[in-house]
1. Could you list, in sequence order, all residues of region 169-181 that are out of contact with any helix residue (DSSP H, G or I) (no Cβ under 6 Å at 6 or more places or on another chain) and over 17 Å from ASP253 (Cβ atoms)?
2. Kindly check whether there is at least one residue in region 183-200 that is among the small types (Gly, Ala, Ser) and closer than 24 Å to VAL27 by Cα.
3. Test LYS109 against the stated conditions and say whether it is farther than 29 Å from THR225 by Cβ, touching a residue at least 24 places away in the same chain (Cβ under 8 Å), surrounded by 15 or more Cβ atoms within 10 Å (Cβ to Cβ) and not β-branched (Val, Ile, Thr).
4. If I ask for residues that are closer than 18 Å to GLY151 by Cα and not aliphatic (A, V, I, L, M), which ones from region 209-251 would you list?
5. If GLN221 passes every condition in (1) more than 16 Å from the chain's Cα centre (by Cα); (2) surrounded by 20 or more Cβ atoms within 10 Å (Cβ to Cβ); (3) not aromatic (Phe, Trp, Tyr) but one, which one does it miss?
6. Can you confirm whether ALA86 is under 24 Å from VAL165 (Cα atoms), among the small types (Gly, Ala, Ser), crowded, with 16+ Cβ neighbours inside 10 Å and at pLDDT 95 or above?
7. Quick check: anything in region 129-143 at pLDDT 95 or above, crowded, with 19+ Cβ neighbours inside 10 Å and either more than 15 Å from ALA36 (Cβ to Cβ) or of a type in the set (D, E, K, R) (or both)?
8. Can you name every residue in region 125-167 that is without any contact (Cβ under 8 Å) to a residue 12 or more places away in the chain and within 17 Å of PRO202 (Cβ to Cβ)?
Amino acid sequence: MSRSNDPESPKVTEFFDSKTNTFSYVVEDSKTATCAIIDSVLDLDYPSGTISHESANEIIEYISNAKLNVEWILETHIHADHLSAAPYLREMLGGKIAIGEQVITIQKKFAAIFNEDSEFERNGSQFDVLLTDHHSLNIGSVNGYVLHTPGHTPACMTYVFGDAVFVGDTLFMPDSGTARADFPGGDARQLYRSIQKILSLPENSRVFVCHDYMPNGRKQQHETTIAEQAYENIHLGSEVSENDYVKMRMARDASLSMPTLILPSIQVNMRAGHLPVREAGSTYLKIPINVSGKSNASKTPEAT
């Protein structure tokens, strides 16, 4: 785990879940002993259907030892590759669960896919706070705000706290490129424009990614900069136009398989990390058969 000691920067501590290649973060204002948790992980053993809390407990142990007060439990988007531990963390530590307001769009889309009944609210009420573009979001004395950066999903948000930028899946490390845009509600053209929005931030801003798949056998990495993304990201660069990016992204996405945990993840995460309502004494997750999880949103005349 790495930490920044720059007094003008929030302290950032990363936690890595090797099963899903996911980074969670604790962003800390040392002056006020307050913090936010970003993109937590609830452990799921898929073959046995067993839920556990090892990853979340690691975060709890760190926060408890550091005697921090949790203000926010933040989601960058509705993840398709891991379950959120947000409700468990709120129960144990306090804080408010927040996500982008376009989660409502995702709830409506996936409520149809999973044939949810009327008990599943499609208004974002499972979350404590729904965030909008440029919403002010501070951690203690650290000034922060939110950028709506859709494209990977409609609800994707980028969190900016001081010089620290948390991009979720929108950007990976420069040698891994950028997010896919073929999930329902995804759009490659929108993704390109969101990335340009992020790249307009100061070049020396620290960028923290949600996943690292360690291409070419390199060591695990989680932090880069806006400058490195702008000049070194394999999917971007000054020579890549919007149309070229859309063409590349659509072709690449067509070759990708769905994430292993997409079906359980979305059912839980669109409920803010809560499990579905119990039936006959047990909790169940649905597996729709022959229902495509891919989107055709980018296949427009302009994009082709």
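The values are calculated or read from the model by the stated rules, or taken from the named source; none is laboratory data. None of the values given here were measured: they were computed from a predicted structure. Using ideal geometry, Cβ is built from the backbone for each residue, glycine included, and neighbour counts are taken over all protein chains shown.
1. MET173
2. Within region 183-200 (the criterion being among the small types (Gly, Ala, Ser) and closer than 24 Å to VAL27 by Cα), the answer is yes, since at least one residue qualifies.
3. Working: farther than 29 Å from THR225 by Cβ: yes; touching a residue at least 24 places away in the same chain (Cβ under 8 Å): yes; surrounded by 15 or more Cβ atoms within 10 Å (Cβ to Cβ): yes; not β-branched (Val, Ile, Thr): yes.
In short, yes.
4. CYS210, HIS211, GLN229, ASN233, HIS235, SER241, GLU242, ASN243, ASP244, TYR245, LYS247, ARG249
5. Every condition holds for GLN221 apart from (2).
6. On the way: under 24 Å from VAL165 (Cα atoms): yes; among the small types (Gly, Ala, Ser): yes; crowded, with 16+ Cβ neighbours inside 10 Å: yes; at pLDDT 95 or above: yes.
In short, yes.
7. No, region 129-143 contains no residue that is at pLDDT 95 or above, crowded, with 19+ Cβ neighbours inside 10 Å and either more than 15 Å from ALA36 (Cβ to Cβ) or of a type in the set (D, E, K, R) (or both).
8. none
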